[in-house]
1. Could you check Ile123 against (1) among the aliphatic types (A, V, I, L, M); (2) within 16 Å of the ligand (Cβ to nearest atom); (3) within 16 Å of the chain's Cα centre (by Cα); (4) farther than 22 Å from Arg227 by Cβ and say which number it fails?
2. Let me confirm something: among Leu183, Leu197, Leu187, which residue is at pLDDT 95 or above and buried (at least 17 other Cβ atoms within 10 Å of the Cβ)?
3. Which members of the stretch 86-112 meet the condition of being assigned to a strand (DSSP E or B) and either within 12 Å of the ligand (Cβ to nearest atom) or without any contact (Cβ under 8 Å) to a residue 24 or more places away in the chain (or both)?
4. Being surrounded by fewer than 17 Cβ atoms within 10 Å (Cβ to Cβ), over 17 Å from Ile74 (Cα atoms) and within 18 Å of the chain's Cα centre (by Cα) is the filter here, so list the residues in the stretch 24-36 that pass it.
5. From the list Asp4, Asp64, Asp17, Asp39, which residue is outside any loop (DSSP other than H, G, I, E, B), on the phi < 0 side of the Ramachandran plot and surrounded by 17 or more Cβ atoms within 10 Å (Cβ to Cβ)?
6. Go through (1) at pLDDT below 95; (2) surrounded by fewer than 17 Cβ atoms within 10 Å (Cβ to Cβ) one by one and return the number of the condition Asp50 breaks.
7. From the residues in the stretch 138-172 that are modelled with pLDDT under 95 and either within 12 Å of the ligand (Cβ to nearest atom) or more than 19 Å from Gly28 (Cα to Cα) (or both), which one is surrounded by the fewest Cβ atoms within 10 Å (Cβ to Cβ)?
Amino acid sequence: MRLDYLSIFPAYFDVLDISLVGKAAINGLVEIHAHDLRDWTHDRHRTVDDTPCGGGAGMVMKPDPWGEAFDEIIGTESDPSVHVIFPAPSGTPFTQSAAAELSSAQRIVFCCGRYEGIDHRVIDYARSMWTVHEVSLGDYVLNGGEVAALAITEAVVRLVPGFMGNPESLAEESFSAGQDGLLEYPLFTRPVSWRGLDVPEVLMSGHHGRIASWRRDESVRLTRERRPDLTDSDSSGIH
Ligand code: 6GU
């Protein structure tokens, strides 16, 4: 899998080297390329923004540097196997199933906007050429797409076959099919008693049936309490 990042702050992606994603890069599982969008400007001030057509506050990212960067990084041919991601609060919510689908992609290009956003023709052009995803991490506003791109990267790369030492731990965590779409149950390890707090007795009982049913009850209780939205769907596992 090759990952490209287009940003006016490419140093954000330096952290990928010190993470498990960096280990995956060393092992040849992923290839990481961070680019400075200003490399595709031609004026003395390396301008990437301009005032919004129609007026209003803030600035909009000009289409030209994006187009030239696409030409050089991706090419000028249509190829639906290239996934181009535009992180933005106006995108569709990013989910575990979206991460799972992207984990089999050969190429992902992250387009990290700043200011009020990117000229929409950049997104329309990319859509005419490649597979575009406009995604949001949640209902809050970040200053730019970089931190979102890092989060999406981590969610995707850990699902790339060969990344996880123990792939079974993927099946049991929150939102995975193995958890029936419920939140993960609470975890404990030794010591059995710590600062006056004890590990639930059932987990020390050695009774696998009772342990499974305790964990299931806790998952259902937590999901109802914290994420009632997840219990509405037919796939929630609460029937
Ligand atoms: Cl993907 N981008 C930005 N800029 N803000 C966000 C977001 C993304 N998701 C939530 N807030």
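1. (3)
2. Leu183
3. Once the filter is applied, which keeps residues that are assigned to a strand (DSSP E or B) and either within 12 Å of the ligand (Cβ to nearest atom) or without any contact (Cβ under 8 Å) to a residue 24 or more places away in the chain (or both), the stretch 86-112 yields Phe86, Pro87, Ala88, Pro89, Ser90, Gly91, Thr92, Pro93, Phe110, Cys111.
4. Leu29
5. It is Asp4.
6. Every listed condition holds for Asp50 apart from (1).
7. Glu168
Conditions tested, residue by residue: (1) charged (D, E, K, R); (2) within 16 Å of the chain's Cα centre (by Cα).
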| site | (1), (2) |
| --- | --- |
| Ala98 | no, yes |
| Leu102 | no, yes |
| Val109 | no, yes |
| Glu116 | yes, no |
| Trp130 | no, no |
| Tyr140 | no, yes |
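The values are calculated or read from the model by the stated rules, or taken from the named source; none is laboratory data. Quick caveat, the model's predicted, so the values are computed rather than measured. With ideal geometry, Cβ positions are generated from the backbone for all residues, glycine too; neighbour counts draw on all protein chains shown.
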